[in-house]
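What follows is one structure encoded as structure tokens, with my remarks underneath.
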Amino acid sequence: MTGRGVVIVGASVGGTRVAAALREAGYAGALTLVDPDPDAPYDRPPLSKQILAGDWDAARASLGDPEEWGATRYVAAAAGLDPAARLLRLDDGTRLGYDRLVLACGAAPRLLPGMPLGGVHVLRTLADCHGLRADLDRIGDGRLVVVGGGFIGAEVASTARARGIDVTVVEAQPAPLSGLLGEDVAAELSLLHRDNGVRLLCGTSVAGLVGGVSVTGVTLTDGTTLPADAVVVGIGVRPATGWLADSGILLDTDGGVLCDEYCAADADHTVYAVGDVARCHDPLLGRHVRVEHWTNAVEQAAVVARAIAGPDPEPYRHEFFVWSDQYGGKITLLGRPGPGDETDVVRAGGPRRRFAVAYRRGARLTAVLTVNWPKALVVARRSMATRGDADDVVGSWKNL
Ligand SMILES: Cc1cc2nc3c(=O)[nH]c(=O)nc-3n(C[C@H](O)[C@H](O)[C@H](O)COP(=O)(O)OP(=O)(O)OC[C@H]3O[C@@H](n4cnc5c(N)ncnc54)[C@H](O)[C@@H]3O)c2cc1C
């Protein structure tokens with residue numbers, strides 16, 4: 001290395017984990033973190049849960065202080081890249097040279113036409129969370145419409161409902177997450193919303209937002225208008241890579257950074273990408289995947305730190321895992337259900353909805369969904385680690 005060191009674009013979980021892991025691996029060179037968010041580094045999962053609920057203050061989501069890793073921090077956005085000269089340009093005019101560059105700039109929420117509009121929120125940053133929480137305080141027990149029933153939409157619905165707010169979730173698919181989980185399992189999972197008094201409207205989309213200065217309603221494609229005092233839009237994200245468009249770094253059609261199995265974005269392994277922004281080659285699946293979940297960012301950060309600081313590079317082997325906290329319980333998905341997988345559902349007793357689903361291809365367990373049943377996850381993890389047999393897992397669940 002020339003002494004210009006490692007520059008990391010994005011100081012969230014992916015970027016800070018790279019910084020920490022580099023120091024743990026003995027990397028003693030210069031380290032620079034660049035992020036325009038003045039509140040960074042902080043973790044995002046509590047933004048739809050504990051912080052939105054008012055149970056935690058923001059400090060509990062902190063991911064540490066860049067000084068801990070001996071890093072220089074720039075509160076600015078990366079605005080341009082010249083890979084041949086190894087130069088990163090920031091939006092405040094600063095130019096940073098680098099030996100290795102790590103792209104950990106994540107993703108930004110997709111918006112609806114008509115945004116920005118008062119009372120209409122997205123939830124990605126701490127500032128978004130504070131803005132939404134203030135609006136939930138303002139509307140009291142008023143009406144919140146959540147557009148999109150994915151993990152974030154469902155968590156916002158759950159947190160708002162616990163505050164006594166009247167919540168409607170609008171979901172374009174036949175059931176929330178049906179593309180990921182399959183229609184039958186998604187339909188069963190969606191009952192959690194109904195159990196908790198949340199209105200769920202599926203198979204319909206938003207035609208437009210209604211309101212002058214502030215939102216007063218949401219019009220659906222079937223012509224209905226839902227009155228709304230506030231709206232949360234959770235319709236997915238797009239990699240934050242607009243600034244890389246002319247850089248020569250290869251992007252997929254969504255804007256994800258195409259990487260090899262070491263998370264390297266170029267042939268000479270100078271530029272890497274981790275987390276929500278990275279579409280890495282997965283040798284097990286034999287294709288490139290981009291994953292928008294916390295554990296993936298942590299795993300890829302370890303791969304990149306090892307590729308840069310040694311001892312030996314190890315390829316990325318993704319174990320798909322996501323959790324979501326809803327209605328006082330926990331949902332987990334381990335592994336990725338595939339089209340055509342068969343499912344076995346095992347229901348546990350007790351007053352609250354608790355069940356586990358084994359996805360199988362023949363005898364082989366491919367993925368497991370657990371709902372409010374941590375012991376079922378422990379059993380499934382053990383089995384997945386040893387390429388377990390679906391019948392064994394289902395049998396063990398029945399004996400729990
Ligand atoms: C509200 C919420 C709840 C979530 N809950 C869960 C959960 O329960 N379980 C789970 O598995 N996952 C959850 N996730 C997803 C998880 O938080 C993300 O997968 C994770 O944050 C990705 O980390 P990252 O470092 O790749 O990107 P991000 O966290 O998106 O961070 C990217 C950083 O890069 C910065 N940046 C962007 N553009 C630039 C630029 N041009 N220059 C410099 N910096 C830039 C941004 O300001 C940001 O700080 C949740 C996400 C949200 C928003």
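Only the coordinates and a few stated rules stand behind these numbers; no lab work does. Keep in mind that this is a model prediction, so the values were computed, not measured. In this analysis, Cβ positions are derived from the backbone assuming ideal geometry, glycine residues included, and neighbour counts consider all displayed protein chains.
As an exercise, identify the chymotrypsin sites (Phe, Trp or Tyr not before Pro) in the range 188-276 lying in DSSP coil whose Cβ has no more than 12 other Cβ atoms within 10 Å.
The qualifying sites: there are none.
Under a Cβ-Cβ cut-off of 14 Å, what is the net charge of the residues other than Leu111 that fall near it, where Lys and Arg count +1 and Asp and Glu count -1?
+2
Extent of the range 328-398 along each principal axis, from alpha carbon coordinates, in Å, largest to smallest?
Dimensions of the range 328-398 along the principal axes of its Cα atoms: 33, 22, 16 Å.
With n ≥ 4 as the cut-off for DSSP H runs, can you work out [θ] at 222 nm for the chain, using -39500 (n - 2.57) per run divided by the number of residues, rounded to the nearest 500?
After summing the helix terms and dividing by the residues of the chain, the value is -7000 deg cm²/dmol.
Over what distance in Å are the Cα centres of the range 198-223 and the range 79-138 separated?
Taking the Cα centre of the range 79-138 as reference, the centre of the range 198-223 is 27 Å away.
With only Lys, Arg, Asp and Glu charged, each at its Cβ (+1 for the first two, -1 for the last two), find how big the charge dipole of the range 111-233 is about the Cα centre; round to the nearest 20 debye.
300 debye
The range 16-60: which chymotrypsin sites (Phe, Trp or Tyr not before Pro) are DSSP loop and have at most 14 other beta-carbon atoms within 10 angstrom?
Of the chymotrypsin sites (Phe, Trp or Tyr not before Pro), the ones in loops of the range 16-60 whose Cβ has at most 14 other Cβ atoms within 10 Å are Trp56.
Report the gain in length on full extension from Asp195 to Ala58: 0.36 nm times residue separation, minus Cα-Cα distance, nm rounded to one decimal.
46.3 nm
Once the dipole of the chain is set up with Lys and Arg at +1 and Asp and Glu at -1 on Cβ about the Cα centre, which of Leu144, Phe355, Leu31 lies farthest towards its positive end?
After comparing all options, I get Phe355.
Quote the charge dipole size of the chain about the Cα centre in Debye, to the nearest 20; the model charges only the Cβ of Lys and Arg (+1) and of Asp and Glu (-1).
780 debye
For Ala76 and Ala127 in the same chain, what is the full-extension length gain: residue separation times 0.36 nm, less their Cα-Cα distance, in nm?
The span from Ala76 to Ala127 would gain 16.7 nm if fully extended.
Taking every DSSP beta bridge that has both residues in the range 240-299, what percent is antiparallel when rounded to the nearest 5?
Antiparallel bridges: around 65 percent, rounded to the nearest 5.
Pull up all non-local amide H partners of Glu261: gap of 5 or more, or a different chain, and H-to-H distance under 5 Å with H placed in the peptide plane.
His281
In terms of modelled amide H atoms, which long-range or inter-chain residues lie less than 5 Å from the amide H of Leu200?
Sorted by chain and number, the residues that satisfy this are Val169.
With a point put 7 Å past each Cα toward its Cβ, work out how far Leu111 is from Ala187 in nm, to one decimal.
Result: 3.8 nm between the two label points.
Which listed residue (Val233, Val218, Cys129) has the Cα farthest towards the positive end of the charge dipole for the range 111-233, taking +1 on Lys and Arg C-beta and -1 on Asp and Glu C-beta about the Cα centre?
Ranked along the dipole, the leading option is Cys129.
What distance in nm separates the two pseudo spin-label positions at Arg364 and Thr270, each 7 Å out from Cα along the beta-carbon direction?
The answer from the label model is 4.0 nm.
For the range 111-233, what is Rg from Cα atoms divided by 2.2 N^0.38 Å, rounded to two decimals?
Ratio of Rg to 2.2 N^0.38 Å for the range 111-233: 0.99.
DSSP beta bridges in the range 257-400, what fraction antiparallel, as a percent rounded to 5?
Antiparallel: roughly 90 percent of the beta bridges in the range 257-400.
If you bin the C-alpha pair distances of the range 182-313 every 5 Å from 0, what whole percents do you get?
Whole-percent P(r) values from 0 Å outward: 2, 8, 13, 14, 12, 11, 11, 11, 9, 6, 2, 1, 0.
Tell me, what HN-Hα J-couplings in whole Hz come from the Karplus equation 6.51 cos²θ - 1.76 cosθ + 1.60 at θ = phi - 60° for each residue of the range 155-172, using x for Gly and Pro?
Taking θ as phi minus 60°, the curve returns 5, 5, 4, 5, 5, 5, 5, 5, 8, x, 7, 7, 10, 10, 10, 10, 10, 6 Hz for the range 155-172.
Using modelled backbone amide H atoms (1.01 Å from N, in-plane), which distant-in-sequence or interchain residues come within less than 5 Å of Gln326's amide H?
Amide H to amide H, under 5 Å and 5 or more residues apart or across chains, Gln326 pairs with Ile331.
Take the alpha carbon atoms of the range 230-245, find their center, do the same for the range 1-36, and report the distance between the two centers in whole angstrom.
Taking the Cα centre of each part, the range 230-245 and the range 1-36 sit 25 Å apart.
Given +1 on the Cβ of Lys and Arg, -1 on the Cβ of Asp and Glu, and no further charges, what dipole in debye does the range 50-150 carry about its Cα centre, rounded to the nearest 20?
That gives the range 50-150 a dipole magnitude of about 380 debye.
For Trp397, what charge total do you get from the other residues with a beta carbon under 14 Å from its beta carbon, if Lys and Arg give +1 and Asp and Glu give -1?
+3
Residue by residue through the range 305-321, which ³J(HN,Hα) values in whole Hz follow from phi under the Karplus form 6.51 cos²θ - 1.76 cosθ + 1.60 (θ = phi - 60°), with glycine and proline marked x?
3J(HN,Hα) across the range 305-321, in whole Hz: 4, 5, 5, 7, 10, x, x, 10, x, 10, x, 6, 10, 7, 9, 4, 8.
Based on the Kirkwood radius over alpha-carbon pairs, what value in µm²/s does the Stokes-Einstein equation return for the translational diffusion coefficient of the chain at 20 °C and 1.002 mPa s?
96 µm²/s
Of the beta bridges DSSP finds with both residues in the chain, what % are antiparallel, to the nearest 5?
Antiparallel bridges make up about 60 percent of those DSSP assigns within the chain.
Can you give the convex hull volume per residue for the Cα atoms of the range 243-400, as a whole number of Å³?
Taking the convex hull of the Cα positions in the range 243-400, it is 139 Å³ per residue.
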